[in-house]
Structure formats: C-alpha cells, structure tokens
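A quick write-up on the structure given underneath.
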Amino acid sequence: MEDNKVLRQQLATMRQSFFDEGILDKHYVQVEELEDKDNPHFAEEVMTMFFRDSTKLIATVEHALEKSPCDLPKMDKYLHQLKGSSSSVGASTVWSAINKLREILKDGDIERFKTQFLCLRDEHEKLKGNLEPYFQLLRQVGPVETAQRPM
Amino acid sequence: MESGFASSSKGFMENVDQPHVLAVDDSDIDRKLIEKLLKNFSCKVTTAENGPMALEFLGLGDHQNHSNISKVNLVITDYCMPGMTGYELLKKIKESSVMKEVPVVIMSSENIPNRINKCLEEGAQMFMLKPIKQSDIKQLRCHLMNCRS
C-alpha cells in the first residue's frame, strides 16, 4: 500500500508538471472529468485516439513537404483537422505550434514553414514522451477507489 | 412518452426522461467526447460521422423512412465537415416537414459572427464554441427546457 502511495504522489507530480509546462491545458481536465467507474480509462482512450491521428497527420505533412511543388491547401486541410483535435483534448503547445504553422502557410514561405514544422514535430514528441509513461503508471496504480479501500 | 415527432410546444428535456440526441461530427475524438458529455446528462446518444448519414438516420435520406422521427429530441452538429457542412444539414432538417421542429445546435471551433448569425437565422437553436465543456451542456439543457416555440 505504501508503494502505491509513493506512485500516486509521483503521478500527481507528473500530472501537475504537464499543466505547469503548458503542454496540457484546462480542456484536458474536462476530458479527465468525463471518467467514471464505467469508463475508468476514458482520458487515456481519448489521448490514444489523438496520438493515432496526430502521428499520421504529421507524417503526412512531412511527406507532402518532400514533394515539389508542395500542395499547400491539402497541407492546410490536415493542419486544420489536427488543430481541432488538439484543441478538444487540451494539447495546448501542439495547438499553438499548429496555429503558427498555418499562419506561415498563408504567407507561402516554405522555408519558414519547414522550420516551424520541426517545432510542431518536437512539441508533439514531447507530449507523447510525457503522456505515455504517465498512462502506464496510471494503469499500474489503478483507480482512486482501489487505493482508498481499507486493508 | 410523446407521440409523433418532437412537439413544438414542449421544451427539449421536458417530459422526456432520456432525451435522444443525434450528434454529428467528422472527428471521432469529438464524437467520443460529445457522446460522453451528453450521456453524463442522461441523454441517449446516436452519433453520425457526416451529414448524409445523419439524414439517413432521421429518415430524410434517400430511403424515406420515418421510424426514427419520434425518437430524436435534438440534433447537435459540427459546422465544418467535408461534403455537407453542419449549416447545410441544418437547412435540410428545417426544410423537412416532419423534422423541422427538432432543435438543431451547431458546434464550431471558430468564433465567426457571420457564421453564427447565418446559423441562427436558418433556425439553429444555439451555437456552441468548441471545445465543448460540461457547463455548455448544462446551459444547453436549461436553454432548451425553457424554450417554447
């Protein structure tokens, strides 16, 4: 039980760091609040769906950038989709990076676009790198009710 | 239970224990979120990933079938969808003699006054800005309970 307490504290610290660093915002809290005993892993499921999409979309944009000339409207379509889902799940640094990218796309400056795209990719990797171990630990520790049951 | 289609003189949640909501969005993440939000407020939820499928469910598609008319108490739809937009879906519902009384709520991630006005003028009950929060659904419920047309 003591181990569980330590792990819970670790989880809480990890979680707080996401908000402090701004990689997640209050919309993520809304997602967490939708969890209940019938859907104990709801937030993880939502984030898994998000990463499934975001990884694919980022790879698609990267691939489209390699072509010449670049299909700008198509890339913007993908970015618009990703912007929507990152906003819905509270992935705020990813959302900001996408917004910057779309602004640059309007100017048509491919070189600046490529640079900013790398920033987006980095923010995305950072988010993934933070959340994956967090969810693993969360599953290990189990839902709060279990921890509070008297020995 | 109410008979026939959603009565215009009743509010959306009144006299209906478990209002049936049709939620339309091309994003599966957003569909998952809106479904849970609505279920948390005791709604029965059917989701559709685009306008044509929504119309099909409502019996307004190619195969005219009105078995779902009396069941749906509210349609909530995303604005930006490929193919048929939420606005176009709204229009089709309002043009239908059997479904026009059903309240339609539009959701969008973009706060564009022209877009909002256009939807309200076409008969949308409400316009909600994404990301949708629990308090938005609560407000929706209150708004529609007090609504008498």
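The values are calculated or read from the model by the stated rules, or taken from the named source; none is laboratory data. The structure presented is a predicted model; accordingly, all values stated were derived computationally and were not measured. Positions of Cβ are backbone-derived with ideal geometry, glycine not excepted, and every protein chain shown enters the neighbour counts. For the accessible areas, the whole protein counts, side chains as well, though only heavy atoms, and no ligand, DNA or RNA atoms are used. Shrake-Rupley method; radii C 1.70, N 1.55, O 1.52, S 1.80 Å.
Count neighbours as other Cβ atoms within 10 Å of each site's Cβ, and list the trypsin sites (Lys or Arg not before Pro) in the stretch A:48-151 that are DSSP loop with at most 10 such neighbours.
Answer in residue order: A:Lys67.
Please list the helices of chain A that count as membrane-span-like by this rule: a mean Kyte-Doolittle hydropathy of at least -0.5 together with Cα atoms stretching 18 Å or more along the helix axis, each helix being a complete DSSP H run.
Passing helices, by number: A:42-66, A:92-107.
Which of the residues in the stretch A:57-105 show a loss of at least 40 Å² in accessible area from their chain by itself to the complete set of protein chains, at a probe of 1.4 Å?
A:His80, A:Ser88
Quick one: dipole size for the protein assembly as shown, taken about the Cα centre, charges +1 on Lys/Arg Cβ and -1 on Asp/Glu Cβ, in debye to the nearest 20.
420 debye
Could you pull the accessible area for A:Glu35 with a 1.4 Å probe, rounded to 10 Å²?
The value for A:Glu35 is about 70 Å².
I need the per residue convex hull volume for the stretch A:1-147, using only the alpha carbons, in cubic angstrom as a whole number.
Expressed per residue, the convex hull around the Cα atoms of the stretch A:1-147 is 99 Å³.
Using only protein heavy atoms and a 1.4 angstrom probe, determine the accessible area buried between B and A, summed over both sides, in Å² to the nearest 100.
Buried area between the two chains comes out at roughly 1600 Å².
Run through all the Cα pairs of the protein assembly as shown and give the fraction in each 10 Å bin from 0, expressed as whole percent.
It works out to 6, 25, 28, 23, 14, 4, 0, in whole percents.
Using Cα centres only, tell me the gap between the stretch A:40-119 and the stretch A:1-26 in whole Å.
So the separation of the two Cα centres works out to 27 Å.
Averaged across the residues of A:33-42, what count of C-beta atoms belonging to other chains lies within 10 Å of each residue's C-beta?
Taking the mean over all residues of the peptide, I get 3.
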